[in-house]
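Just below is one structure, and these are the notes that go with it.
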Amino acid sequence: MQDVFTTSDGAFDIVPIAMVFAGLMTGIAVGATPGLNGPFAMALSLPVLIWVFGVSDDALLPILGFLIGIMKGATVGGAVPAILFNTPGTPDAYLTTLDGHPMALKGEGKKALKVAHFSSVCGDTVSDIALFITAPVLAIMIERALDLPEKAALIILSLAFMAAVAGREPLKGLTVGLFGMLVALVGSTLSGNGPRMTMGVAELGAGLPLTSAILGILIIGEVFAGIEEAARRRLTGGGVMKAPEDRDTTLTWAERRRLLPRIFTSAGIGTAIGALPGIGTTLAATLGYDTARRLSKTPERFGTGEPEGVAATEAANSAVSGANLIPVMSLGIPGNFAAVFIILAVESVGDFTLGPQVFRFTEIREVPGFGMIMNSDLVVAFGVFTLMVLANIFNWTVGGVFLRSLAILVRIPKSVMLPIVLLICITAVYAQDGGMIAVWVMLGFGLIGYVLRQLEISILPFVIGFLLAPQLEQLIRGGFTASGGDPFYLIKSPIAVTFLVLAVLLLIFGNPSRRKSKA
Amino acid sequence: MGAAEPEAAPMAVRTRWDIGFGLLTMALSLLALFVWFPNDIVGGFIEVSAIGRTVPGDAFFPVILAVGIFLLGALQAVLATSRAMAGRPTPARTLTFSNVRFVAALVAIVLGGLTLMVWLGPLTVDALNTVEVLEGSYRNFSDTAPYKYIGFVVGGFSMTVALIVFTEGRLRRASVVAIITVLAGAILIFDILLKNVLLPPN
């Protein structure tokens, strides 16, 4: 492969592969630490990675490799506190505790971790294969069928979808999505008129610092909410938890084979859910667990330490992470927090841009004096796929051993971890985005994130709106200009109208809590 | 900060919050449309280019967004009112007094820590200038140890310790060791290993 995994003098470049390994191990450790999760670690790593590798095209694969490693590792690592100490770090890990912790209490803690690791890696691998096949196909279809108005309508549909499924109140979700778009325009420049909407703050003339804003709303908002929760409950934790002693630690190949049907069913559920932006791992884990119980010949054993319960949950929530990159790679639309940081890395480093144009399978030909000519974005995309495969191989081979050695991390209390995360974030954005303005922006957005969390309004529409605003503005302005100033150009395309009608229907009928309240 | 669970607001309060959310977004969007944009966006909504084409101006997309937010706010207010009149429960969560108290304490701690972080270095250099130990402003010493570390270490340590005490109600030796390790790690990475990167507030 040209320019990927080779250095400028043509030698094999081990750095991206080493970074995948380092990211995976970091991710597993982070997942096993209370108060931390994948997006936390991705947010903190990104500025450091940019300083180490720079922002040239060569830096992209090592940086993405590390972030992908964290994303995959953290999903697996979350099983450690859930199984050994009955302390789920995330809502989906709660379902792992249902059977994982009873197994630990029966002296099968290490066996439960082996089941969780085996199922998680299987689920992840299935969803990666789905990603490799689906993303290029979807991207090609979009590039062929959609023009400016249709692409604009597709972004509006994505925002509506996110608002409908990710929170309890779609209308408020959409409102904060538009608010996120408006905020993203602060300091942006379109013409010779200079930067817009800076409110007289000269430092905002180059726009709001992107990393600080995203880190603020996603991470600092959660840190604030976590500190409040820990203070309320006085969750000190340290020194009081002790892992139960193990008696049965073996997981035979026959047992693994018996788990496979449940694992693949759950992986399918997780992949399907992950491909839709914004739904997340909790629903996947719930459906995976519920389906496994329904299919089981002994459903009454679920909740008492049944390995199938652990396998179903872990396979489903791990399958979400790979499939979540389907809308990222094919549309440039992030479906979860981890995907937001993948997009942020791509926007900060090199010329590569995510979206349907990545998968243009142009003619490969040799030009004398220039070498092989082909779509370089395509090369990077398949480089990313290769890194994902490598991450899975590392996870299969050494991930499980590393995972089972991390019980000690669970003893670090959340009440110590969260203030430390805040300190590291302040240090990171100060250096990354250049000065105290970045710190104020991060803390301001952190407060917005905290308030939205308290009001149970999903943050994802805000983040998606914030990230996609420049693209939507470009599409809407381009479409309006191309139509000769026709104010109704958006509703003259049947495909765009279909997308917009779907968006409205989703907002009215697509909310899970609405369905639940009617049931 | 009490040890109790967050209190659930009564139905009437939640309805008021629901309606208030709609009214607030309407008010903010009107403020943006009639005060913020006219004073802060130089271009218009639609303009005619030099070759006579109708093109969107700098205000085109912001105005569309603000109008969208206004309409959604109005819809929210109307739906919340009609839900209240029909006696149907509203799902809205509210901010409680306990949340406001927490935010006030948090802001005080973080601002206190950042104030130390930003000002302790320059104040130390000024003080040493006064007693004629040093000569020159903080700018001359912002890349010289220990002055470049004082604000970051003391401000960062105070803020983190205060948050841990606020959260746990106590401070353990292990927590202090963890904070010192993180501060040392940050200095090692951001100041010693990485070039062209500065620790706050330098």
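Miscellaneous remarks
- B:GLY169 falls short on exactly one of the conditions (1) at pLDDT below 90; (2) crowded, with 19+ Cβ neighbours inside 10 Å; (3) under 26 Å from the mean Cα position of the chain (by Cα), and that condition is (2).
- Unmet criterion (only one of (1) within 12 Å of chain B (Cβ to nearest Cβ); (2) open to solvent by 20 Å² or more (accessible area, probe 1.4 Å); (3) modelled with pLDDT under 85) for A:ALA202: (1)
- Only one entry in B:PHE37, B:PHE60 is facing chain A (nearest Cβ under 8 Å) and crowded, with 19+ Cβ neighbours inside 10 Å, namely B:PHE60.
- Pairing each residue of the range A:455-473 that is among the charged types (D, E, K, R) with any residue that is crowded, with 24+ Cβ neighbours inside 10 Å, provided the two are 6+ apart or on different chains, yields C-beta distances under 7 Å for A:GLU456/A:GLY167; A:GLU473/B:PHE61.
- Test: residue in the range B:53-65 that is closer than 15 Å to A:LYS172 by Cα and of a type outside the set (S, T, N, Q): yes
- A:GLY350 vs. criteria open to solvent by 10 Å² or more (accessible area, probe 1.4 Å), modelled with pLDDT under 90, under 17 Å from A:LEU64 (Cβ atoms) and in contact with a helix residue (DSSP H, G or I) (Cβ under 6 Å, 6 or more places away or on another chain): yes
- Test: residue in the range A:353-373 that is at pLDDT 85 or above, open to solvent by less than 40 Å² (accessible area, probe 1.4 Å) and not acidic (Asp, Glu): no
- For the range A:459-474, the tally of residues that are more than 10 Å from chain B (Cβ to nearest Cβ) and open to solvent by 20 Å² or more (accessible area, probe 1.4 Å) stands at 1.
- Yes/no for A:LEU447 being farther than 29 Å from B:GLY113 by Cα and crowded, with 16+ Cβ neighbours inside 10 Å: no
- Test for A:GLY383: is it under 17 Å from A:VAL121 (Cα atoms), crowded, with 19+ Cβ neighbours inside 10 Å and either among the polar types (S, T, N, Q) or touching a residue at least 40 places away in the same chain (Cβ under 8 Å) (or both): no
- Helices (runs of 4 or more DSSP H) (entirely within the range B:134-193) containing at least 1 residues that are touching a helix residue (DSSP H, G or I) at 6+ places or on another chain (Cβ under 7 Å) and polar (S, T, N, Q): B:147-168, B:173-186
- Top-ranked residue in the range A:163-173 [being part of a loop (DSSP other than H, G, I, E, B) and crowded, with 24+ Cβ neighbours inside 10 Å; ranked as farthest from the other protein chains (Cβ to nearest Cβ)]: A:GLY167
- Filter pass, A:ALA230 being under 24 Å from the mean Cα position of the chain (by Cα), at pLDDT 80 or above and within 14 Å of chain B (Cβ to nearest Cβ): no
- Hey, B:ARG170 of a type in the set (Lys, Arg), closer than 27 Å to A:LEU447 by Cα and out of contact with any Lys or Arg (no Cβ under 9 Å at 6 or more places or on another chain) or not: yes
- Among residues of the range A:43-63 being of a type in the set (Gly, Ala, Ser) and crowded, with 19+ Cβ neighbours inside 10 Å, the one that is nearest to A:THR26 (Cα to Cα) is A:SER45.
- Criterion violated by B:VAL182 - all others in (1) open to solvent by less than 30 Å² (accessible area, probe 1.4 Å); (2) at the interface with another protein chain (Cβ under 9 Å from one of its Cβ atoms) satisfied: (1)
- Qualifying positions in the range B:97-142 - within 14 Å of the chain's Cα centre (by Cα), more than 11 Å from chain A (Cβ to nearest Cβ) and farther than 21 Å from A:TYR430 by Cβ: B:ALA104
So that you can scan it fast, the table gives a plain yes or no per residue for (1) under 20 Å from the mean Cα position of the chain (by Cα); (2) open to solvent by less than 10 Å² (accessible area, probe 1.4 Å):
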{"residue": "A:SER119", "(1), (2)": "yes, yes"}
{"residue": "A:ALA145", "(1), (2)": "no, no"}
{"residue": "A:ALA152", "(1), (2)": "no, yes"}
{"residue": "A:PHE161", "(1), (2)": "yes, no"}
{"residue": "A:GLY180", "(1), (2)": "yes, yes"}
{"residue": "A:LEU185", "(1), (2)": "no, yes"}
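- Residue check for B:PRO122: out of contact with any strand residue (DSSP E or B) (no Cβ under 8 Å at 6 or more places or on another chain), at pLDDT 90 or above and over 30 Å from A:ALA225 (Cβ atoms): yes
So that you can scan it fast, the table gives a plain yes or no per residue for (1) open to solvent by 50 Å² or more (accessible area, probe 1.4 Å); (2) in contact with a Leu (Cβ under 6 Å, 6 or more places away or on another chain); (3) at pLDDT 80 or above:
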{"residue": "A:THR175", "(1), (2), (3)": "no, yes, yes"}
{"residue": "A:LEU208", "(1), (2), (3)": "no, no, yes"}
{"residue": "A:THR211", "(1), (2), (3)": "no, no, yes"}
{"residue": "A:ILE220", "(1), (2), (3)": "no, no, yes"}
{"residue": "A:LEU235", "(1), (2), (3)": "yes, no, no"}
{"residue": "A:ALA243", "(1), (2), (3)": "no, yes, no"}
{"residue": "A:ARG258", "(1), (2), (3)": "yes, no, yes"}
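- Test: B:ALA145 is among the hydrophobic types (A, V, I, L, M, F, W, C), open to solvent by 40 Å² or more (accessible area, probe 1.4 Å) and facing chain A (nearest Cβ under 10 Å): no
- Selection status of A:MET197, within 13 Å of chain B (Cβ to nearest Cβ) and either within 30 Å of A:GLN432 (Cα to Cα) or of a type outside the set (Asp, Glu) (or both): yes
- As a summary of the residue check, A:TYR450 satisfies the conditions (1) modelled with pLDDT under 85; (2) facing another protein chain (nearest Cβ under 10 Å) except for the one numbered (1).
The values are calculated or read from the model by the stated rules, or taken from the named source; none is laboratory data. Just so you know, these numbers come straight off a predicted model, no measurement behind them. In this analysis, Cβ positions are derived from the backbone assuming ideal geometry, glycine residues included, and neighbour counts consider all displayed protein chains. Note: accessible area is taken over every heavy atom of the protein model, side chains too, but ligands, DNA and RNA are not part of it. Shrake-Rupley method; radii C 1.70, N 1.55, O 1.52, S 1.80 Å.
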